[in-house]
1. Mind listing whichever residues of the stretch 146-163 are among the β-branched types (Val, Ile, Thr) and surrounded by fewer than 17 Cβ atoms within 10 Å (Cβ to Cβ)?
2. Has the stretch 153-162 got any residue that is within 19 Å of the chain's Cα centre (by Cα) and under 25 Å from Leu270 (Cα atoms)?
3. Give the residue, chosen from Leu198, Leu187, Leu182, that is closer than 15 Å to Lys256 by Cα and either within 24 Å of the chain's Cα centre (by Cα) or at pLDDT below 95 (or both).
4. Restricting the stretch 102-136 to residues that are touching a helix residue (DSSP H, G or I) at 6+ places or on another chain (Cβ under 6 Å) and polar (S, T, N, Q), which is nearest to Ile189 (Cα to Cα)?
5. Could you check the stretch 1-22 and list, in sequence order, the residues that are in contact with a Leu (Cβ under 8 Å, 6 or more places away or on another chain) and not in a helix (DSSP H, G or I)?
6. Hey, could you check the stretch 102-131 for residues that are without any contact (Cβ under 8 Å) to a residue 60 or more places away in the chain and in contact with a Ser or Thr (Cβ under 7 Å, 6 or more places away or on another chain) and say which is nearest to Leu22 (Cα to Cα)?
7. Take the residues in the stretch 164-205 that are assigned to a loop (DSSP other than H, G, I, E, B) and in contact with a strand residue (DSSP E or B) (Cβ under 6 Å, 6 or more places away or on another chain), then tell me which one is surrounded by the most Cβ atoms within 10 Å (Cβ to Cβ).
8. Would you mind stating whether Ser218 is farther than 28 Å from Cys271 by Cβ, surrounded by fewer than 16 Cβ atoms within 10 Å (Cβ to Cβ) and among the hydroxyl-bearing types (Ser, Thr, Tyr)?
Amino acid sequence: MNPDDFKFLSTIIPEKIKEKLLDSSAKSLGGTFGDLVETATAPLSIPLHFTSALSKSLKWKIDNKFSKYKEEELEFKDINIQQLLKYVNDLKYSLDSEEIQNMFANLIVKSFVKEDKYGLHPAFSAIVSELSPLDAKNLAIIYEKYPSESFAIVDYKAVAPNGSYTTLKQNVFLENKDENDLDVQTLSIENLERLKLLFITNSFKWEDSEYNKFRESSFFVEKQLDYNEMKEIWRAAKVPNDQVENWVSDIQLNKKTCELTTFGRLFCALCFKEN
């Protein structure tokens with residue numbers, strides 16, 4: 001393992017936690033964490049990513065999260081130091097994002113929480129490393145609003161009178177009000193699906209009114225106006241109405257369902273849920 005990973009881990013763990021871990025290490029870990037602490041005086045060779053400001057920011061976040069737990073809720077025996085170092089190794093080039101920093105801090109802290117530590121999957125840090133800040137924000141929104149239930153998403157389709165169609169926008173997600181680019185949001189949602197955190201199906205189970213927000217989106221409204229305007233142009237050119245209706249497509253919704261997978265719920269509970 002890279003000595004810099006030891007160094008960085010040592011600098012971001014709060015002193016009171018480090019002391020307890022050192023004590024536990026002396027009793028049961030054969031000095032493993034003691035070796036880690038000794039590296040704290042070694043030079044650090046990745047200043048761009050392991051800056052002092054970043055270390056202080058993460059240490060403050062981690063300390064703040066630890067402070068929310070009572071001492072009896074924490075456990076310092078059987079701490080998997082290699083897994084903590086894997087978190088550092090997987091995420092050290094992704095920590096310029098506030099969202100990823102927060103997830104990283106939660107992974108570190110939950111490694112010491114009795115109720116959570118054994119639910120931490122080794123793959124979690126690798127998954128976080130494949131999230132963009134937008135992915136992380138979207139996932140946090142989904143977990144906050146729909147922790148155990150499904151929610152509506154859609155495709156926008158241009159449907160011709162003969163039934164053929166063209167998909168205009170796919171897996172439209174409107175819950176994040178800070179990002180209005182539908183294509184960027186689609187990329188994010190499909191990445192979360194790729195990582196097996198979300199499950200998307202072409203079935204739906206809600207009243208039609210649940211999809212009104214998709215009909216009220218600026219993209220849908222503008223496309224509908226475009227198609228209606230096209231029809232009026234043809235009608236103004238004296239084209240028979242039945243031909244106009246046969247030539248011009250309409251914009252419609254393909255109603256779909258999205259929800260967190262079982263793995264996704266566990267991942268979110270450990271990466272986002274605060275004590």
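The values are calculated or read from the model by the stated rules, or taken from the named source; none is laboratory data. The structure presented is a predicted model; accordingly, all values stated were derived computationally and were not measured. Glycine gets a Cβ as well: all are built from the backbone with ideal geometry, and neighbour counts include every protein chain shown.
1. Result: Val159, single match.
2. Within the stretch 153-162 (the criterion being within 19 Å of the chain's Cα centre (by Cα) and under 25 Å from Leu270 (Cα atoms)), the answer is no, since none of the residues qualifies.
3. Matching residue, one of Leu198, Leu187, Leu182: Leu198.
4. Checked the stretch 102-136; the qualifying residue nearest to Ile189 (Cα to Cα) is Ser129.
5. Within the stretch 1-22, Met1, Ile13 meet the criteria.
6. By that ranking, first place goes to Lys117.
7. Pass one, the stretch 164-205, residues assigned to a loop (DSSP other than H, G, I, E, B): 164, 173-181, 195-197, 202-205.
Remaining after also requiring in contact with a strand residue (DSSP E or B) (Cβ under 6 Å, 6 or more places away or on another chain): 173, 202-204.
Values: Phe173: 23, Asn202: 9, Ser203: 8, Phe204: 18.
Filtering the stretch 164-205 for residues that are assigned to a loop (DSSP other than H, G, I, E, B) and in contact with a strand residue (DSSP E or B) (Cβ under 6 Å, 6 or more places away or on another chain), the one surrounded by the most Cβ atoms within 10 Å (Cβ to Cβ) comes out as Phe173.
8. yes
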